[in-house]
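Here is the structure we will look at, set down as structure tokens.
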Amino acid sequence: MINLSLLKRCPSLKGEVLTSHTHLPFITDTRKYHHPSAFVAIPGVKTNPLDVLTELLGKGCPLVIFQDDATNQAKVKELQKQFPKTQFVPCTDSVTFLQEATHEHIKEWKSKSPKNTVFAISGSNGKTTHKEMLSFILKTVMPGKIVATEKNNNNHLGVPLTLLNVTDETEMVVLELGSNHPGEIKVLCDIAEPNAGLTTNIGATHLEFFGTEEKVFEEEAYLYHAVKSVTKGSGFYLINIDDKFLKSLEPFAGAVTYGESSSAMARISYVENGAGIHFKGQELMGFNSHITGKHNKLNLITCLFIATHFYPSLKQKFIEAAAEFRPTKNRSEWIQFEGRSVYLDAYNANPSSMKAALLGFKDSVLEQGFKLTDACVVLGDMNELGDSTPQYHREVGQYVKELGFTNVYFVGRFASHYVSGDPQGQPKTSSADFKSEYRGDCLKKFPIHFIKGSRSLQLESLFDIT
């Protein structure tokens, strides 16, 4: 719900909003219209939302913001004849307007209480997992007071649409910031002005566009500079001291280093089904039997630490909520299929996340009493690695071999690169080509399975699930 008086501060708006409403929710999807709402018409590559507004306008939509050009002016002129009660206001660019309006909305919300927090999460791996864990813990204990990024809507459109859900009842926003091109984190930080945050880690992601891990670090760590600037150094920001890049960030007054290192301000230790974090003489423990892998235990205790930092009186309730968290479908989840245990992450893959997941899977195999020869490992392509694609696939292939897995299948167009690191692995061209062999042979032979690859491969199709 946006205070419409704030729109006069949006440079891209080319007209005055004269509707009788003082506040309206903003939408960009006609299917999500609830009366009354303002509609921002964002052009698609092949579609123009002004062509499909008849039903929405028939419901009494009071305000439409549209991108000003000759074609749209003609369309609006015809729509105004049919729907004279709707005000149509032009802007120079619809996306820019949405970002400007969101920025003003969040500035106003934060000004109402010093406790109102935009907690932003950047990083190469684990952004969505951290967001899902933290928002689950907070929402379970504080229903109606938390707004969080849905799915992975973490770009120049997803971030504004998330922030537009903020109301006077909201106390915290858990905001995921995504980037695959230089400068995108800055754009998102300029919109949200985060006053707290976390950069999870730095890895070989989107190298097709960044070129080097150093450039990835420069991009993802912009959040550190944003929080420091917005809060004049007082904002809560977590620095992963175990990361070779992030450890170079100098802690400001509100920042806390964390990790396994003995020099960490908040030191993490691991136990069965959980982890602990020691900070300022106090110990916080979190347990969860629904997640696997050391990296996910670190994610969980980190999110528990964040929640208790902001709301210490709710510590015990947060601990109980953390124990109930379950991974999102197709993302780092254990499923049972035809009597077999399957670790499935068909959502995303890059070298560092692949290695972390494989190591966690090895631990789980041994913890469950299996041998590594009982496990079937299926690795799909890792996309957007640019010229480094052969090198990183070879390294991961070598890594899975070094871990001791012997029943390994590589699926996708980069399978041969994997095989160069693990010659014993079997290359397969696609999920579809591998499916019959996997279902007919691998599932019957091996009791425990690991499946991970980039989203384009849709590896969940091996199990007829979507």
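Derivation of every value follows stated rules applied to the coordinates shown; laboratory data play no part. Model, not experiment: these values are computed from the prediction. No Cβ is skipped: glycine too gets one built from the backbone with ideal geometry, and neighbour counts run over all protein chains shown.
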I'd like the antiparallel share, as a percent to the nearest 5, of DSSP beta bridges with both residues in the chain. 30 percent
Give the percent of DSSP beta bridges with both residues in the stretch 306-423 that are antiparallel, rounded to the nearest 5. 55 percent
Under 5 Å between amide H atoms, partner at least 5 residues away or on a different chain: which partners does Thr117 have, H built in plane at 1.01 Å? Met172, Val173
Over the stretch 1-156, what relative contact order in percent results from Cα pairs under 8 Å that are six or more residues apart? 21 percent
Shape verdict for the stretch 193-281, please, from the Cα gyration tensor: rounded (a/c under 1.5), prolate (a/b greater than b/c) or oblate. oblate
Rounded to two decimals, the Debye log10 I(q)/I(0) of the stretch 112-322 (Cα scatterers, no solvent) at q = 0.09 Å⁻¹ is -0.31
Please label the shape of the stretch 2-92 as rounded, prolate or oblate, based on the square roots a ≥ b ≥ c of the eigenvalues of the alpha-carbon gyration tensor (a/c under 1.5 means rounded; beyond that, a/b larger than b/c means prolate, else oblate). rounded
If you count, for each residue, the other Cβ atoms within 10 Å and average over each peptide, how do 297-303, 22-28, 456-462 line up from highest to lowest? 297-303, 456-462, 22-28
Top positive-direction residue, dipole computed over the stretch 2-92 with Cβ charges, set Thr22, Ala41, Val89: Thr22
Quick calc, the chain, dipole around Cα centre from Cβ unit charges on Lys, Arg (+) and Asp, Glu (-), nearest 20 debye, gives 760 debye
Per residue, the convex hull enclosing the alpha carbons of the stretch 312-452 has a volume in Å³ of 132 Å³
Built amide H within the under 5 Å cut-off of Gln426, gap 5+: Val408, Tyr409, Phe410
Dipole check, the stretch 333-463, charges on Cβ (K,R +1; D,E -1), about Cα centroid: among Ala349, Ser431, Phe446 the Cα furthest to the positive pole belongs to Phe446
Would you please state the base-10 log of I(q)/I(0) at q = 0.12, 0.17, 0.29 1/Å for the stretch 401-466, with intensities from the Debye formula using one equal scatterer on every alpha carbon? -0.29, -0.60, -1.49
Cα centroids of the stretch 223-237 and the stretch 363-438: how far apart, whole angstrom? 41 Å
For the stretch 138-291, percent of DSSP beta bridges that are antiparallel (nearest 5) comes out at 50 percent
Largest first and rounded to whole Å, the semi-axes √(5λ) derived from the alpha carbon gyration tensor of the chain read 42, 28, 20
